[in-house]
Each structure stands twice: as C-alpha cells, then as structure tokens.
1. How much length, in nm to one decimal, is gained on full extension between Asn196 and Val23, taken as 0.36 nm per residue of separation minus their Cα-Cα distance?
2. Grab the Cα-Cα distance for Phe85 and Ala104, subtract it from 0.36 nm times how many residues apart they are, and report the gain in nm with one decimal.
3. Measuring from label point to label point, each 7 Å out along Cα→Cβ, what is the Ala274 to Arg169 span in nm?
4. In debye, nearest 20: dipole of the stretch 108-181 around its Cα centre with unit charges on the Cβ of K, R (+) and D, E (-)?
5. Calculated FRET efficiency, Arg452 and Phe161, Cβ-Cβ r, R0 30 Å, to nearest 0.05?
6. Can you figure out the FRET efficiency of Thr412 with Ala52, using R₀ = 51 Å and their beta-carbon distance, to the nearest 0.05?
7. Taking the dipole about the Cα centre of the chain, with the C-beta of Lys and Arg at +1 and of Asp and Glu at -1, give me whichever of Leu188, Cys343, Ala443 is farthest to the positive side.
8. Treating the beta-carbon of each Lys and Arg as +1 and of each Asp and Glu as -1, no other charges, what is the dipole magnitude of the chain about its Cα centre, to the nearest 20 debye?
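Every number here is computed from the coordinates shown, using simple stated rules; none is lab data. Bear in mind that the values here come from a model prediction, so they are computed numbers and not experimental data. FYI the Cβ positions are ideal-geometry reconstructions off the backbone, even for glycines, and counts take in every protein chain you see.
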Amino acid sequence: MRRSRTDLRARVNGDLHLEFADVALTSYAGLELFGQYLRATRFNATVRAACAESAGWGDFGATAMVRLVIGLLVVGGRRLRHLAFVEDDPLFQRFCEVQVVPTARTMSRWLQGFTMTTVACLQAINTAVIARVLATLGVRTWTIDVDGVVVSTGLQVERAFRGFNPHHRKVPSYYPIMAHLAETTHVLRVKNRSGNVHDGKAGLPFLRDLGTQLATLLPRGGTVRFRMDGAFFRQDVLQWLGTRDAGYAIKVPFYRWLDLQQYIRAQPTWRPVAPDITGFVVPAAATPWGRPVWVAIYRKHVRHPATKNYQLDLFDPNDGHYEYSAVTSNLDFTLANLWRFACGRGNHEKTIAQLKTGLAFHTVPTMAYAANSAWQHLVVLVHNLLTNFQIETGVARRAPTRKRTVLPVLQTIQTLRFVLFNRAAQIVRPGGALRLRLTDNAAMRQVFTRIRDALPKVA
C-alpha cells in the first residue's frame, strides 16, 4: 500500500528541551570492538616490552598513556584539550583502561617527558605492530615510498625553522621524513626534522636506519623496491641502494650538469607511453660521480602553458605545450611500465593526507621538539593499528597493478568513524552481565557482527 506524503514526513512541534543525566551512554560504540582487537593481539604486552627500559611514564603507566592517545585520535580528537569532551564516556574509559581520564595538562607533561632516546621505544612498538601482518600476506616484492612532509608550527616551537612550505610561506615548520609501504599503506618509519633541512642531505641516515628495520621486519627471500622524488637523486643514496641490491625508481631533476635538454632537443621520435604521454631512454653519461646513469625522459602534452621555466627554453611555444619529467631506475621495466610504477608514488600522498586530516599529524601539541616527535610516532601508530585492524578482520583484497600496489581494500578513518567508531550505544547490566546495547540498524549490525565474528580468529 502506497503511503501518503503526510505519513512519510515527521511533524516537528517546537524545539527539544536539553537535559543532561548521569546515565551510561557512549558515543563511541565501535571502540569496544577495537579494544577487543587490541586485547586479542596482546598490544599491551607489546607496549610494555618496547618501553621496559624507559622511565617517566607517570602514575598511569605506559600502556594507559599510549591507549589514551590512540582512543582520542580514533574518535576524532585533534588537540589534547579535546580529552575534556570524552572524559566521562564509559566506553572511552574502558578502552583506555582507566577509571579517570587525565587532563590535557597531564598529557602535555607526559609528552614533554620524552627525549629523542625514549621516542625510539614508540618506533619499536610500530615495528612490532607492522611485523604482525606482513608475514601473513604472502607478498614477495615490497615497494617503499620515501618522502618528506611539511608540518607548520608556531613561532616559538623548538627546532622549527622556515623552509619549503607550499601552503604557509615564511611560517616556521617541521619537515619529517617518512617511509611508506605501498602494498599495505603502513608507515614504516617517521623521523622529525627541522623545517630547513633538505630531503637529500638528511636522507641517507634515515635510509640506513630503515634498512636495519627492514632486515628484521620483512619476510626472508623478498625483494625491495624504492620510489623517491628528485631530492634523493644523489650519489650517496644511489651507492647505498646498490650495496643493498635494491630496485629503485627516482625522479631526476633537470640539473644543468646533466644537460637533459640536449637529449630532448636531439630526440627525433618519442615512443607512446600513455594517452598524451611519450618518452625515450637515454644514458646520461656525464655525472660528477664518475658513473653513468640511465634516464627515462617523459613529456606530457598539456593544453595550458608549461609551469616550469626551463621547459619554455626547450621548444618554441608554437610547437605545443609540454611538461617534462625524468626518472632513473635499475628495474627491468618497459618505458610504459616504469611510468606507471613511478606515478604510483602518489598513493603515498593519500596516506599523508589521511595522517594530517584524519589523525592530526599536523598538530603540534607542545613547544618541545622531542614531545612533538613522540606525537608524530603516536599518530603513525594509530594509522598502522587501524590498518592491521582492517586487514585482520577480513577486508577484501585486489590484484595489484604497476601503478596501484595496495592490496587490501581499506577504508579511510573518516569512513571508519561514521560506520563503526562514532556510534551511540548504552551500557546495560541485565542479570549482572555487562552488555552494549545499540540501535538495530541493518547496515550497522552487518559491520559490527562481521568484525565480532572475525576477532576469535585474530588471536
């Protein structure tokens, strides 16, 4: 029977009166499932093992303080002061395993207790979390993207200096460097740096530490490929990659000493690569390092003026508009496959966007450098835990391509909050047994029951 329009629309008579009552209500029902996952994976034991030799964890202890930050970031908090809005939520307290949620001031003092030595224990937690799932995926070839990310800071923040900042010019910033595992979106490593540090100048020590981490992290017998931007086109980086027998695809800047323009001017034919993309390969023999470098040069036909000044010097504008790029690689790829593989580095930008917009990576909670570095590691930890949570509770997998290497079909943190975490519920005790009572929504029931049924297999 067809219902009338009047029956379909609700009548609203005035405004609802606000009342505040002391009842066991929660806005974050999904935290219970995430908490069960952390218990199943013995996360607390991982924290204690990594932080056993570190002091200064305060009255709450290491596990509680780490879980407090995790819980705050998962439900959408972006500042330490946002703890005041969740301190009375019974399920948030249960997730953090505390009876009293500490104040923002207490959390700030805890963060400021970190040194660059004790920050290393947070990196150890991240490594242990990532290692849990990598061996189960059956992947033999791993792709690692290395890049820097700008974090704008205040004027008085320790070790924040003016450097390259595309969105806030002349604003002091940090410039942390990050290693991203393309097959899973895990962030393998993050190292905070001052904003005036160049990627290439500080890249080799980071890569050496990353290499040590990979030796214990990745399954034996696998191969590793690196993707990097032009800042890593350096002699020391290429030598390090050569000693590790690692594959790589690195963007090549149009340095004057390379004189790639001469090859472009002299090239009679360009091979098709993709729609509006052509290219060729050339041995750029002249390097100050005494070693030849093979370079693939690409041009993209665009319908607007080229954005780089050097490009305007190559051709008469009447010949068309082109954007040029160059990549050096030791991989056995065709010209077209190398282009797709190098473009796949853009997936790393998606992860960075998630860290910034979804998990407050760009937040600067204190004025202290080590404390802010600890915050970055904690944000990365949350991202990695949520990645594991989705992989181990049964997300779908897809076949990789040259460009898209991500295997699991992962949801963004914004989607996870909407469909899972930020759901209202009531904690009841019928017959003395604690229960979490949710609205019987069909879509929500499906999500919650799927994860609940998968959790026994996780342990």
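1. On the way: separation 173, 0.36 × 173 = 62.28 nm, distance 5.16 nm.
Here the segment from Asn196 to Val23 would lengthen by 57.1 nm.
2. Details: separation 19, 0.36 × 19 = 6.84 nm, distance 1.09 nm.
Gain on stretching Phe85 to Ala104: 5.7 nm.
3. Reported label-point gap for Ala274 and Arg169 is 3.0 nm.
4. Details: 7 positive and 3 negative charges, 31 e Å.
Computed about the Cα centre, the dipole is about 140 debye.
5. 0.05
6. On the way: r = 35 Å, r/R0 = 0.68.
The calculated FRET efficiency here is 0.90.
7. Ranked along the dipole, the leading option is Ala443.
8. Values: 58 positive and 31 negative charges, 162 e Å.
I would put it at about 780 debye.
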